[in-house]
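Working notes for the structure below.
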Amino acid sequence: MTWSDEELVTRSIGGDADSFNQLVLRWERPIYALAYRQLGREEDARDVCQETFLRAFRAIGGFRGQAKFSSWLYRIALNLCRDWVRRQRRTPVVQMPEDVDAMELAAAREPSESIEDLVARHDLTRVVERAMAKLPEEQRTAIILKEYHELTFQEIADLVGCPLSTVKTRLYQGLAVLRRELGANNQ
Amino acid sequence: MNKITCLYPDRDAVLIAYLYDDIDAADRVAFETHVTICQPCRGELAELRSVRTTLGQWAPPEPARTSFVNFESRTPNPQSRWHSIPVWAQAAAAMLVLGASASIANLDVRYDRSGLNVRTGWSKPAPAAPTPPVQGEQSAEAPWRAELSALQNQLRSEIRQTSQASAVSAASATPAGATMPDAEFRRRARVLLDESEKRQQNELALRLVQFQNDMSAQRQADLTKINQNIGYIQRDTYGELLKQREGVNYLLKVSQTR
């Protein structure tokens with residue numbers, strides 16, 4: 001039987017760690033992906049992901065369910081990413097393309113993917129990461145949450161604490177920058 | 001970037017909402033109708049869709065570990081813990097608790113020739129008059145001593161049987177337990193080696209292709225540069241030739257006029 005997030009949260013609050021482990025299994029990839037796209041480094045993303053779930057585990061007793069569990073997790077992860085960038089004084093999102101490990105891509109690719117496709121994808125990844133690195137943090141966050149996590153505008157607004165219209169503006173401006181950057185790269 | 005000249009109300013926000021299909025039905029229909037007649041909006045929509053397609057191909061690398069954290073139960077299940085304790089130990093613990101409770105409750109249990117007497121209460125009974133030692137009292141206590149020793153023997157035999165049974169099961173499990181981890185270990189090591197080999201091959205192939213691409217690009221650049229240089233040289237040479245020819249012609253003209 002598959003429990004909903006809310007049911008698993010209730011059971012976790014009751015002390016059932018297995019339920020919380022199920023939540024971890026369900027959400028660790030999205031949280032890791034969010035952290036990776038924010039920070040641009042796999043190691044950092046993994047650390048932030050782990051810290052996110054540790055904090056959630058400690059604070060699950062105080063979760064009252066006003067928001068979705070996933071939104072609550074995203075908020076923790078985004079705050080950690082922000083703190084991480086400030087603390088580490090690292091430029092977010094891959095202005096260090098050498099750190100992008102082609103082997104990770106090779107490991108993740110489909111077996112039928114040719115080397116040429118792999119190289120093309122690798123290049124494309126670098127191009128996208130460079131373009132994303134040029135965005136201000138709030139625009140990048142809005143695009144990541146909308147594009148890759150499929151949150152609604154309202155959910156993003158609640159998550160980052162800004163009006164709904166601001167979210168749309170940030171998305172529009174961010175996409176406009178990306179269009180320019182990606183277009184310039186194609187020429 | 002193209003200058004947008006469309007005056008649709010709140011155009012950018014509506015365009016983004018339409019792009020992500022996060023829009024009211026009425027607004028969607030209205031904007032759809034607008035897009036059919038507005039070239040700038042149609043063009044920008046197509047470009048932003050193209051950006052989204054490109055973004056969709058940006059995937060983070062797979063994390064090395066399958067799972068990040070594994071949480072232990074904060075409140076261990078008492079039932080499961082009790083199941084791991086042998087029955088005889090549970091009985092001994094129960095006896096201990098019973099004894100402690102009895103001592104607290106001033107429980108008085110007597111088992112003598114008159115039978116089993118149990119008395120409880122905080123008030124201590126009046127001490128009975130000392131009875132003179134009866135000859136053969138030791139032999140009168142013999143029944144409960146015998147029962148106690150019988151119980152003791154029974155417990156010992158049960159413990160022995162339990163330990164023998166666990167020893168037998170452990171012994172029977174030993175061969176499989178000794179070989180399985182090795183086999184499993186070898187299998188996992190083989191899988192890891194295969195994966196590592198595959199990755200190395202991929203990496204080598206990737207580097208080779210990149211090297212080939214770089215070489216090709218460099219060669220192309222060099223060829224272009226050489227062609228340009230040859231062009232310069234030819235032009236210069238041709239220019240010199242023209243000058244020399246003009247000079248010769250001039251000299252011929254001068255020599256003929258004289």
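Couple of notes before you dig in:
- Computed over the stretch A:1-92, relative contact order equals 29 percent, with contacts defined as Cα pairs under 8 Å that lie 6+ residues apart.
- Inter-chain neighbour count for B:10-22: the average number of beta-carbon atoms from partner chains within 10 Å of each residue's beta-carbon is 5.
- Pairwise alpha-carbon distances in the stretch B:212-258 exceed 14 Å for 68% of all pairs.
- Counting Lys and Arg as +1 and Asp and Glu as -1 over every other residue whose Cβ lies under 15 Å from the Cβ of B:Leu242, the net charge comes to 0.
- Placing R0 at 51 angstrom, the Cβ-Cβ distance between B:Thr257 and B:Gln228 gives a FRET efficiency of 0.70 after rounding to 0.05.
- Charge dipole magnitude, Cβ of K and R +1, D and E -1 - the stretch B:212-258, Cα centre, debye nearest 20: 360 debye
- Cα-only radius of gyration and Dmax that characterise the stretch B:11-51, units Å: 9.4, 26
- Listed peptides B:247-255, A:53-61, B:11-19 by packing density, highest first (mean Cβ within 10 Å): B:11-19, A:53-61, B:247-255
None of the figures in this text is laboratory data; all of them are computed from the coordinates on show. Since the structure is predicted, the reported quantities are computational estimates derived from the model, not experimental observations. Reconstructed Cβ throughout: ideal geometry from the backbone, glycine too, with neighbour counts over all protein chains shown.
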